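Here's the structure, in structure tokens; my notes come after.
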Number of protein chains: 2
Amino acid sequence: MSSKTSRGGWACWMAIALSAPLAAADAEADVVSRMQREALAGNAAYRLVESLTTEVGPRFAGSAGDRAAAAWAEGKLRALGFPKVWIEPVTVPRWVRGEARGEIVSPFPQRVELLALGGSVGTAEEGIEAEVLGVENVAAMARLGDEAIAGRIVFFTERMRRTDDGSGYGDAVGIRSRGADEAVKRGAVAVLIRSVGTDSNRLPHTGATRYTEGAPRIPAAALSVPDAELLERELASGQPVRFRLFLGSRSEGEAESANVVAEFPGRERPGEIVLLVAHLDSWDVGTGAQDDGAGVAVVVEAARLAARHSPGGPRRTIRVVLTANEEFGLSGARAYAAAHAEEAPSHVVAVEADFGAGRVLTFRTRFAREDAAAADELAVRLAPLGIPSAAGDARGGADLSRLRPLGVPIVDLSQDGSLYFDIHHTDNDTMDKIDPANLHQVTAAFATLAEWAANRSERLRSLPPEPATP
Amino acid sequence: MSSKTSRGGWACWMAIALSAPLAAADAEADVVSRMQREALAGNAAYRLVESLTTEVGPRFAGSAGDRAAAAWAEGKLRALGFPKVWIEPVTVPRWVRGEARGEIVSPFPQRVELLALGGSVGTAEEGIEAEVLGVENVAAMARLGDEAIAGRIVFFTERMRRTDDGSGYGDAVGIRSRGADEAVKRGAVAVLIRSVGTDSNRLPHTGATRYTEGAPRIPAAALSVPDAELLERELASGQPVRFRLFLGSRSEGEAESANVVAEFPGRERPGEIVLLVAHLDSWDVGTGAQDDGAGVAVVVEAARLAARHSPGGPRRTIRVVLTANEEFGLSGARAYAAAHAEEAPSHVVAVEADFGAGRVLTFRTRFAREDAAAADELAVRLAPLGIPSAAGDARGGADLSRLRPLGVPIVDLSQDGSLYFDIHHTDNDTMDKIDPANLHQVTAAFATLAEWAANRSERLRSLPPEPATP
């Protein structure tokens, strides 16, 4: 927060305060100011990420780390003074990465760095060797004849753009999520992709690939960006390029995991819930510091701050849900939405932290039409943190995708994602990448939202339910 | 090169030119200007790095890649029109990395990323498990009693500073080169070091460690920076930290390698040699793009440019030596100095390119006292490239360390090394890190030096020989 932004924010607050009962507005402004200053000056969120990444580390759905993470979360939430902490069991698919090896066989033999995409089937013991067909993405492959594709390893070369808002990811991720499923229809024997990321490190980016139920499945792996560019250069030689791939990946049925839930019950309206969500699982590479250790730390510390700075406790309930298996199928989000469907109208607002540790740049809301003015109240409170409102409706992250259709009001606190995809889903997602000052600005923003939604006089109204996405 | 620097440089040139026979000075200035423009606008050096890293890749001393690199170099030098190209056999030690695995066993089990240091002995099949002692560096270890060290895995935590000139490397590299040799004297069972590098990627930095001949040897490995910081956090918990290490490294005697030598013989004074040196070998991780593919490309293209822009050919001989095994014992530099010791007084100047692809920032000379004014001639020619002279004597790089004591005049074209140690000796040393504009400025600088030294009226004089370093 620059001091300039801060002064502007408080001037704005005071202008509004002058048109309201003065003592009450002053008291409320004091609460918000104290809470924000505590978030910015403190170190609690940073210590939480540090604890999770050091004491637990990677925590892929169904793994020993996943179980350790749930135990860690339960213990931390109790130790931090949440009056209610409980576990909601979640069944998750169990996928095991196994070993991965790849090499360019010809024209110029070189080993490459690659990772199986999440969910990929493995190869046979002897691996797969075939000629490589380079093609930008699924759309470009559709323009080729089957004879160009059949028997080949299809290599998707699309480059991801760097953007603040992560839109470059949405544009490029189709090669990862759908590439193998589309290529197998055309007779390909395996798929390689250029990592969906914005860095140039020799560390591949994993992430889920999806197969059509009942259809044939081929192995799929991501090359690091330098290795993808090496493979492109070999293709540019004009000579046939042969590649050998071994993946030891396999599915092993299902495993038990958990949503870890904790709340500060409301002192006046315990049945009205302010919901803060982050996911406890991570990929099996890296230590899930940014994705989503940062989010876990932010929502836990924000809830604690908001409750502590609510005089006498929050009027409404502030609930934190640390979900199971966001990365490989949204198991926890689905389970929460299913188990709490009847309670959906009790959720007065939901917000998700799953975009790393970059500063909150803007916010957006998705409120009922009658609550349009409520966004202005929030704007006044977020202004001291340098967070203006942005155009468009809030959408929530993946873990809110099952609650949004139920009509739950949503706020997006949109973080700077310009560096997020440098380390997303890689071995590089480690503690040292977290900037404490940024993380604490995010914590202050989430705390501000939670305190406001929990204590304002009227609850935010539910929206009309909409058809759920499949 | 900024246009401002360029104008200043040429103004300076013209001022000097006006005090000399005008036509000759003009003609010479034209030559230099055309040559520099060709180096800056062309793409030849970049294409050479691309070819070497794509078609050969890693080329560790004594490996198949090393042999492929020598064949590549011989073919390229002939194809580029060097009239004389030959091989000088070099015997190199053969060390094989093998597999490396490490994990923190307690208090918080986590696997870590590490690489054996070059030359490290391996562990037994079952690995080594012991308690970790964290200590900053060799000097700090010297202050501890043997009872703190005996039976432990000593973990050196020293952080390398980022600097333009690489001085941070010299300050920190002792933990890598001497750590194991010093720790074994105190009873340690293995050594881990924080990677000697300035990045924060989960990619360890290798590099040679040295053992005292005949003394006991213990395994030594480098943790990536994020993993070193993880291990430090576990140590900070105050609980005993146990670590398990497996290294499959081994020495396999000696192997044959080669210095690849090429020259444009002088048309007037073929017995006077302008020497340009870079090393052809690389570590076995990465593809040796920066270290030292860039240097290879620079000296080859600079020699070619200097010869081509010398009217009628260079007056003196311009010789390129691409040395064997710089990384693991300077085998090629030793062999060249030994084989050409009698020819040492024939070397009128030597320059080495082994500091990546960052721009040349300054230059220094080590000339005979009678040639002090020659540095000013060079300054005028380098000024258009934005390269002023710096204080102090030139020292040359590692590959000149055996020629310098023989009295060969040396020039340092000192490159910007601020990013060099982000990827130095890691798997990240790949083509995509090379900035063509910077590489071509370096090429222009080396070509300028070569053309000047090859064609100036008087040769640069030899210096008095000095005692050789062991």
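The values are calculated or read from the model by the stated rules, or taken from the named source; none is laboratory data. Quick caveat, the model's predicted, so the values are computed rather than measured. Neighbour counts run over all protein chains shown; Cβ positions are idealised from the backbone, glycine included.
Data table
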read-out	value
Members of region A:300-359 that are charged (D, E, K, R) and part of a loop (DSSP other than H, G, I, E, B)	A:R315, A:E326, A:E327, A:E342, A:E343, A:D354, A:R359
Any hit, region A:105-120, residues being within 14 Å of chain B (Cβ to nearest Cβ), of a type outside the set (K, R) and free of Cβ contacts under 8 Å to residues at least 24 places away in the same chain	yes
Qualifying residue in region A:132-148 (condition: under 27 Å from A:R233 (Cα atoms), outside the structural domain of A:A450 (by TED's automatic domain parsing), in contact with a Pro (Cβ under 9 Å, 6 or more places away or on another chain) and modelled with pLDDT of 95 or more)	yes
Residue match in region B:373-386 (condition: away from chain A (no Cβ under 14 Å), within 24 Å of B:G168 (Cα to Cα) and at pLDDT 95 or above)	no
Residue, surrounded by the most Cβ atoms within 10 Å (Cβ to Cβ), within region B:183-197, restricted to residues that are touching a helix residue (DSSP H, G or I) at 6+ places or on another chain (Cβ under 6 Å) and under 14 Å from B:A116 (Cα atoms)	B:S195
Residues being in contact with a helix residue (DSSP H, G or I) (Cβ under 7 Å, 6 or more places away or on another chain) and buried (at least 24 other Cβ atoms within 10 Å of the Cβ) - total across region B:208-221	2
Test for B:S251: is it within 14 Å of chain A (Cβ to nearest Cβ), touching a strand residue (DSSP E or B) at 6+ places or on another chain (Cβ under 6 Å) and of a type in the set (G, A, S)	no
Among (1) more than 22 Å from B:G286 (Cα to Cα); (2) surrounded by fewer than 22 Cβ atoms within 10 Å (Cβ to Cβ); (3) within 14 Å of chain A (Cβ to nearest Cβ); (4) not aromatic (F, W, Y) - the single one B:S200 does not satisfy	(1)
Pairs, first part of a helix (DSSP H, G or I) in region A:280-299, second buried (at least 24 other Cβ atoms within 10 Å of the Cβ) and among the polar types (S, T, N, Q), C-beta under 6 Å, six or more apart	A:A289/A:T53; A:A289/A:T430; A:G293/A:T53; A:V298/A:T443
Near pairs, Cβ below 6 angstrom, 6+ apart or cross-chain, from region B:28-55 (within 14 Å of another protein chain (Cβ to nearest Cβ) and in contact (Cβ under 8 Å) with a residue 40 or more places away in the chain) to any residue that is surrounded by fewer than 19 Cβ atoms within 10 Å (Cβ to Cβ) and part of a helix (DSSP H, G or I)	B:Y46/B:P436; B:T54/A:R233
Scope region B:23-73; condition part of a helix (DSSP H, G or I), farther than 23 Å from B:A454 by Cα and not aliphatic (A, V, I, L, M); matching residues	B:Y46, B:R47, B:E50, B:S51, B:T53, B:T54, B:E55, B:G65, B:D66, B:R67, B:W72
Number of the exception - A:G238 against (1) of a type outside the set (A, V, I, L, M, F, W, C); (2) more than 22 Å from A:Y420 (Cα to Cα); (3) within 14 Å of chain B (Cβ to nearest Cβ); (4) assigned to a helix (DSSP H, G or I)	(4)
Number of the condition not met by B:I387 [criteria: (1) over 17 Å from B:A29 (Cβ atoms); (2) among the hydrophobic types (A, V, I, L, M, F, W, C); (3) under 21 Å from the mean Cα position of the chain (by Cα)]	(1)
Filter pass, B:E232 being of a type outside the set (S, T, Y), touching a residue at least 60 places away in the same chain (Cβ under 8 Å) and within 20 Å of B:G174 (Cα to Cα)	yes
Check on B:R59, in the same structural domain as B:Q441 (by TED's automatic domain parsing) and over 18 Å from B:D427 (Cα atoms)	no
Hits in region A:203-214 (condition: assigned to a loop (DSSP other than H, G, I, E, B), away from chain B (no Cβ under 12 Å) and under 22 Å from A:T287 (Cβ atoms))	A:H205, A:T206, A:G207
When residues of region B:419-429 are limited to those that are within 14 Å of chain A (Cβ to nearest Cβ) and not hydroxyl-bearing (S, T, Y), the one farthest from B:S33 (Cα to Cα)	B:D427
Condition met for B:G134 (more than 22 Å from B:S249 (Cβ to Cβ), more than 21 Å from the chain's Cα centre (by Cα) and without any contact (Cβ under 8 Å) to a residue 12 or more places away in the chain)	no
Among residues of region A:430-466, those that are of a type in the set (F, W, Y) and either crowded, with 24+ Cβ neighbours inside 10 Å or within 14 Å of chain B (Cβ to nearest Cβ) (or both), counted	1
Residue, farthest from the chain's Cα centre (by Cα), within region A:254-298, restricted to residues that are of a type in the set (A, V, I, L, M) and within 14 Å of another protein chain (Cβ to nearest Cβ)	A:V285
Options B:E252, B:E263; residue that is out of contact with any Asp or Glu (no Cβ under 7 Å at 6 or more places or on another chain), surrounded by fewer than 20 Cβ atoms within 10 Å (Cβ to Cβ) and in a strand (DSSP E or B)	B:E252
Tally, over region A:215-233, of residues that are away from chain B (no Cβ under 14 Å) and part of a loop (DSSP other than H, G, I, E, B)	5
Any hit, region B:372-379, residues being part of a loop (DSSP other than H, G, I, E, B) and closer than 30 Å to B:R194 by Cβ	no
Breaking point among (1) surrounded by 20 or more Cβ atoms within 10 Å (Cβ to Cβ); (2) touching a helix residue (DSSP H, G or I) at 6+ places or on another chain (Cβ under 8 Å), for A:I87	(1)
Residues being small (G, A, S), surrounded by fewer than 24 Cβ atoms within 10 Å (Cβ to Cβ) and either in contact with a Lys or Arg (Cβ under 6 Å, 6 or more places away or on another chain) or modelled with pLDDT of 95 or more (or both) - total across region B:42-56	2
Residue count, region A:212-224 (criterion: within 19 Å of A:F246 (Cα to Cα) and of a type in the set (S, T, Y))	1
Candidates A:G166, A:G174, A:G179 - the one that is at pLDDT below 95, out of contact with any Pro (no Cβ under 8 Å at 6 or more places or on another chain) and over 27 Å from B:D427 (Cα atoms)	A:G166
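Conditions (1) farther than 22 Å from A:G170 by Cβ; (2) aliphatic (A, V, I, L, M); (3) in a helix (DSSP H, G or I), marked per residue:
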| position | (1), (2), (3) |
| --- | --- |
| A:R395 | no, no, no |
| A:V408 | yes, yes, no |
| A:L413 | no, yes, no |
| A:T448 | yes, no, yes |
| A:S462 | yes, no, no |
